[in-house]
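Take a look at the structure below.
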Amino acid sequence: MAEDILDLQDHCVELLKERGVTLEEIADCARYLQADYHVDLTTDELLDSVRAVLSKREVQYAIMTGIALDKAAEEGKLDDSYLIELMMKDAPLFGADEVLAYGICNTYGSIALTNFGFIDKRKYGIIRRLNRAGKNTGKCNTFIDDIVGAVAAAAASRFAHRWTRDVEDDDDK
Ligand code: MG
């Protein structure tokens, strides 16, 4: 029962792991997004932000929904063969995967949204691997690549907001 899941954050970390994604790989994407502004930033420094994003209920529900849909398509368990076909080939105009990901970005403002668009285009790191592994291979990664991109984008945005706030606080002194 869902009520029995006391810690949905741990549940989501497990779901991501099952689908081949670690928090370190998401943090590396967030580091990539901040690399132009902070050249010495390490993946470890972004891990806190990734965990903070994953602690939000709205993000957890989006992760659970997206991964459940990917798994259902993969196992042929959706009651619509057209939808299964679209998801299995990761059809370019599908779009519902990106719309779900926007919900994750929205929790961290407009910087998260532009970060998401950027990393979705570049397909850096784990996002590229997921994307390639999910096209006509029998595996469905249609939702998870956008989920990972959005969590990384939100984590990078959180970092940027906090860093900017700290700098402005220093200027006030
Ligand atoms: Mg996708």
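The values are calculated or read from the model by the stated rules, or taken from the named source; none is laboratory data. Treat the numbers as computed from the prediction; the structure is a model and nothing was measured. Cβ: placed from backbone, ideal geometry, glycine included. Neighbour counts: every protein chain shown. Side chains included, ligands, DNA and RNA excluded: accessible areas come from the protein's heavy atoms. Shrake-Rupley method; radii C 1.70, N 1.55, O 1.52, S 1.80 Å.
Residues that are of a type in the set (S, T, Y) number at least 2 in the following helices (runs of 4 or more DSSP H) confined to the stretch 1-62: 43-54. Residue check: is G125 farther than 15 Å from I67 by Cβ, in contact with a Cys (Cβ under 6 Å, 6 or more places away or on another chain) and open to solvent by 10 Å² or more (accessible area, probe 1.4 Å)? Judged against the criteria, G125 is a match.
Sort through K71, K89, K77, K17 and tell me the only one that's within 16 Å of the chain's Cα centre (by Cα) and of a type outside the set (D, E). Please lay out each step first, then the result.
Values: K71 fails: within 16 Å of the chain's Cα centre (by Cα); K89 fails: within 16 Å of the chain's Cα centre (by Cα); K77 fails: within 16 Å of the chain's Cα centre (by Cα).
Checking each option against the conditions leaves just K17.
Across the stretch 42-57, the qualifying residues are those that are without any contact (Cβ under 8 Å) to a residue 40 or more places away in the chain and either open to solvent by less than 90 Å² (accessible area, probe 1.4 Å) or in contact with a strand residue (DSSP E or B) (Cβ under 6 Å, 6 or more places away or on another chain) (or both), and the one among them that is nearest to A101 (Cα to Cα) is L47. Condition check for L33 on (1) away from the ligand (no atom under 16 Å from the Cβ); (2) free of Cβ contacts under 8 Å to residues at least 40 places away in the same chain; (3) over 20 Å from D10 (Cα atoms): one failure, at (2). Does the stretch 116-132 contain at least one residue that is aliphatic (A, V, I, L, M), touching an Asp or Glu at 6+ places or on another chain (Cβ under 6 Å) and either farther than 19 Å from L54 by Cα or more than 14 Å from the ligand (Cβ to nearest atom) (or both)? Yes, the stretch 116-132 contains at least one residue that is aliphatic (A, V, I, L, M), touching an Asp or Glu at 6+ places or on another chain (Cβ under 6 Å) and either farther than 19 Å from L54 by Cα or more than 14 Å from the ligand (Cβ to nearest atom) (or both).
Every residue, every condition in (1) modelled with pLDDT of 95 or more; (2) loosely packed, with under 15 Cβ neighbours inside 10 Å; (3) within 14 Å of the ligand (Cβ to nearest atom), yes or no:
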{"site": "D70", "(1), (2), (3)": "yes, no, yes"}
{"site": "K77", "(1), (2), (3)": "yes, yes, no"}
{"site": "L100", "(1), (2), (3)": "yes, no, yes"}
{"site": "I111", "(1), (2), (3)": "no, no, no"}
{"site": "K135", "(1), (2), (3)": "no, yes, yes"}
{"site": "D146", "(1), (2), (3)": "yes, no, yes"}
{"site": "H161", "(1), (2), (3)": "no, no, no"}
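Of the set (1) within 11 Å of the ligand (Cβ to nearest atom); (2) over 14 Å from the mean Cα position of the chain (by Cα), all apply to T142 but (2). Considering the stretch 79-93, the residues that are surrounded by 14 or more Cβ atoms within 10 Å (Cβ to Cβ) and of a type in the set (D, E, K, R) include one that is nearest to I26 (Cα to Cα), namely D90. Of the numbered criteria (1) at pLDDT 95 or above; (2) part of a helix (DSSP H, G or I), the one R165 fails is (1).
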